[in-house]
1. Of the numbered conditions (1) of a type in the set (Lys, Arg); (2) more than 15 Å from the chain's Cα centre (by Cα); (3) not in a strand (DSSP E or B), residue 10 satisfies every one except a single condition; which is it?
2. Going by the conditions given, is residue 210 assigned to a loop (DSSP other than H, G, I, E, B) and not aliphatic (A, V, I, L, M)?
3. Any residue in segment 161-175 that is under 16 Å from residue 203 (Cβ atoms) and at pLDDT 95 or above sitting within a Cβ distance under 7 Å of a residue that is of a type in the set (A, V, I, L, M, F, W, C) and open to solvent by 20 Å² or more (accessible area, probe 1.4 Å)? List the pairs, counting only those 6 or more apart or interchain.
4. I'd like the residue in segment 233-256 that is in contact with a Gly (Cβ under 7 Å, 6 or more places away or on another chain) and under 16 Å from residue 179 (Cβ atoms) and, out of all such residues, is most open to solvent (accessible area, probe 1.4 Å).
5. Go through (1) under 23 Å from residue 118 (Cβ atoms); (2) open to solvent by less than 70 Å² (accessible area, probe 1.4 Å) one by one and return the number of the condition residue 60 breaks.
6. Of the residues 68, 105, 120, which single one is modelled with pLDDT under 95, open to solvent by less than 60 Å² (accessible area, probe 1.4 Å), more than 15 Å from the chain's Cα centre (by Cα) and hydrophobic (A, V, I, L, M, F, W, C)?
7. Have a look at 111, 101, 86 and point out the one that is over 16 Å from residue 27 (Cβ atoms) and either in contact (Cβ under 8 Å) with a residue 24 or more places away in the chain or of a type in the set (Ser, Thr, Tyr) (or both).
8. Kindly indicate whether any position in segment 237-244 is without any contact (Cβ under 8 Å) to a residue 40 or more places away in the chain and outside any loop (DSSP other than H, G, I, E, B).
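The values are calculated or read from the model by the stated rules, or taken from the named source; none is laboratory data. Since we're looking at a predicted model, the values are computed, not measured. Cβ atoms come from the backbone with ideal geometry, glycine included; neighbour counts cover every protein chain shown. The area values use the complete protein model at the heavy-atom level, side chains included, leaving out ligands, DNA and RNA. Shrake-Rupley method; radii C 1.70, N 1.55, O 1.52, S 1.80 Å.
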Amino acid sequence: LSAVNKKFIRFDTAEELYDFSRDVSFIEQFTTFDTQTQRFVLNQNINQDLVTALMSLNYVLGQDIDYAVMESRSFDPIGYDFTYKGVTYTNHFTGTFNGQGFEIANLYVSGYQRINLTDATGEPFDVPLSVYYAMFNLVSQNPNASNPSETGVIRNLGLINPNLEILQLNDDLDKLANVAGENNGTIDHVYVIDNRQSVTEAGIRYRVGNTPIIFSAAGIVHTNNGNLSNVYFSSKVVVNGNFINKFVLEPIAYEN
């Protein structure tokens, strides 16, 4: 990692975006898939230092990327923060992601199985890796950096027709957005355009069933505690029309 410190890592392909998401994914790095129960279960002796380091680096896009070529290989949301059996596991994105004016089209964000941890012993229960569901779940400044204000940054990026879909309900997973779940850093010159014409095709999808719970969602960032500037959202809906009655919505930020 010392070789790339203070340098820029460039993504030119959907494959490289996919690899980055898996390199920092809690599910990918710290769990194993139990073929008998068909669930991801926690490994022992977790060392999160490498993931922390990877999420503190500087990334840029080198060109427009169409993620549709990845087909079923989904992009795991960046960042996690949860408590499991009395132990807290947390890693926020503290680096920079500069789109350089380029766009990511048809980003396919991972669904339920890859954003929840399951206890396969005794009575099974699911723990979401974050209460947020977005491309970047958690964006924060790095207090140990020489200039913290230049960390935890997403800028100069466009998302076109992003695909966020959860097919199973979890009461604790209730805050949705396209770009960021919780921003404690900087989001600047970022936009989302969903040009799908039908309200049952556009928007974030969450199969919530008949639950009485009301969820919340936003077009850009769900909870903004940091700097949010020069952003816009263009779509017929924030949440897919089939599920919109279970949501309270804002086009830019739900909480600011």
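1. Condition (3) is where residue 10 drops out.
2. Against the criterion (assigned to a loop (DSSP other than H, G, I, E, B) and not aliphatic (A, V, I, L, M)), residue 210 qualifies.
3. 161/105; 175/131
4. 251
5. Going through the list (1) under 23 Å from residue 118 (Cβ atoms); (2) open to solvent by less than 70 Å² (accessible area, probe 1.4 Å), residue 60 breaks only (1).
6. 120
7. Values: 111 fails: over 16 Å from residue 27 (Cβ atoms); 86 fails: either in contact (Cβ under 8 Å) with a residue 24 or more places away in the chain or of a type in the set (Ser, Thr, Tyr) (or both).
Result of the check over 111, 101, 86: 101.
8. No, segment 237-244 has no match at all.
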